[in-house]
Amino acid sequence: MDLQCTAVFRKVPEGYIAFIEEFPGANTQGATVEEARTNLREAVALVIEANREMAREDVGGRAVIREPITVTA
């Protein structure tokens, strides 16, 4: 599934900081924009993974319905 998000890069003395507007907590840094971009993709994957795990823990053993959903913004 491809979901297009907005990456924001800001130049700082150490390089670049970056975050995704649509994913609070998905932020990182890098010496170059390219490094920050690569790190940002990993940060998004980690945020999604962590959110899924927290949701599974919250649901516990209760019966739920899980299904894929496509979001168009």
Mean Cβ count within 10 Å, highest first, over the residues of peptides 22-31, 49-58, 35-44, 63-72: 35-44, 22-31, 49-58, 63-72
Calculating Rg and Dmax of the Cα atoms in Å from this structure picks out, from (i) 18.2, 53; (ii) 15.3, 51; (iii) 17.6, 59, entry (ii)
In nm, to one decimal, how far is the modelled label at Val47 from the one at Arg10, with both set 7 Å along Cα→Cβ? 1.5 nm
Hey, what angle do you get for helix 33-59 against the long axis of the chain, alpha-carbon based, 0 to 90 degrees rounded to 10? 20 degrees
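Coordinate-derived values only; no laboratory data. Because the structure is a prediction, the values reported are computed rather than measured. Neighbour counts are summed over all protein chains in view; Cβ atoms, including those assigned to glycine, are modelled from backbone coordinates with ideal geometry.
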